[in-house]
């Protein structure tokens, strides 16, 4: 019924092993693909399990393209596919509860649980569809706390309080449980995104035709190191992907984005938006 994929790149062995163990324990050893974009195949030793298919890709083919290897392989074999970051962990009941909820709601194409830092703090990973000024402010205006906090309050959908089942147009790529029917309908990750924004793009495409849902009744732990804030190479990938995303969907004129975001803001009556 379910398959999963993890894309690894120079991840700490103990962290990756914990993610793998979480999935295998939670799914009664369902099929798991580990696509390793690292320069060496050192992680192969962690993947010595009959349910794991280890794929070594030393040329680093990118995040979305690597996950697509597994998605294309399982698209017609399993009902659900779980995309996992290599730095998440979760209890045994998480995946089954999400699947049970999706079984009862056949219009859901994508779901994500509540995500916490290792110290228990909430990660606000439910987002509206991005606008260029929001991303610029989040990245470069952090010293201006009032502006920065105002942008994040809307963009991260903090007004929902993250305590209820919510329709969300952009769900984080750290834990994406897809209905394969939805992936067959809209297609897998856009491989022109090397790293970053591939989850924004795919969430948005699914949101057009299915519900994309945040489900807070189960939680996962995500280390979430935000490496693009620490390494210039990853910052370059982040900026490059943002440019491609806005070229694809629209920069300052994007009527679909505006309509989707307005609907959510009206629903929660945020900042003067009224029905």
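A compact table of results
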read-out: Burial ordering of 111, 220, fewest other beta-carbon atoms within 10 Å first; value: 220, 111
read-out: For the range 15-137, alpha-carbon Rg and Dmax in angstrom; value: 16.2, 48
read-out: Most mobile of 78, 106, 89 in a GNM of the chain (Cα contacts under 10 Å); value: 106
read-out: Inter-site label distance for residue 119 and residue 266 at 7 Å from Cα along Cβ, in nm; value: 4.1
read-out: Principal-axis tilt of helix 63-74 within the chain, Cα atoms, nearest 10 degrees; value: 60
read-out: Nearest 10 degrees, 0 to 90: helix 13-26 Cα axis against the chain principal axis; value: 90
read-out: Label-zone membership for the range 1-26, site residue 45, 7 angstrom Cα→C-beta point, backbone N under 18 Å; value: 9-21
read-out: Rounded D (µm²/s) - the range 7-75, Kirkwood Rh over Cα pairs, Stokes-Einstein at 4 °C, 1.567 mPa s; value: 106
read-out: Sequence of 1, 112 once ranked by neighbouring C-beta atoms within 10 Å, starting from the fewest; value: 1, 112
read-out: The chain: angle of helix 198-207 to the longest principal axis, Cα-based, in degrees nearest 10; value: 70
read-out: Peptide ranges 60-71, 115-126 listed from the most packed, as the mean C-beta count within 10 angstrom indicates; value: 60-71, 115-126
read-out: Protection proxy ranking of 35-42, 165-172 - average other beta-carbon atoms within 10 Å, highest first; value: 165-172, 35-42
read-out: Helix-derived mean residue ellipticity, 222 nm - over the chain, DSSP H n ≥ 4, -39500 (n - 2.57), to 500; value: -12000 deg cm²/dmol
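Every read-out reported here was derived from the displayed coordinates using simple, explicitly stated rules and does not represent laboratory data. Remember, predicted model here, so these are calculated numbers, not experimental data. All Cβ positions, even for glycine, are placed from backbone atoms using ideal geometry, and neighbour counts span all protein chains on display.
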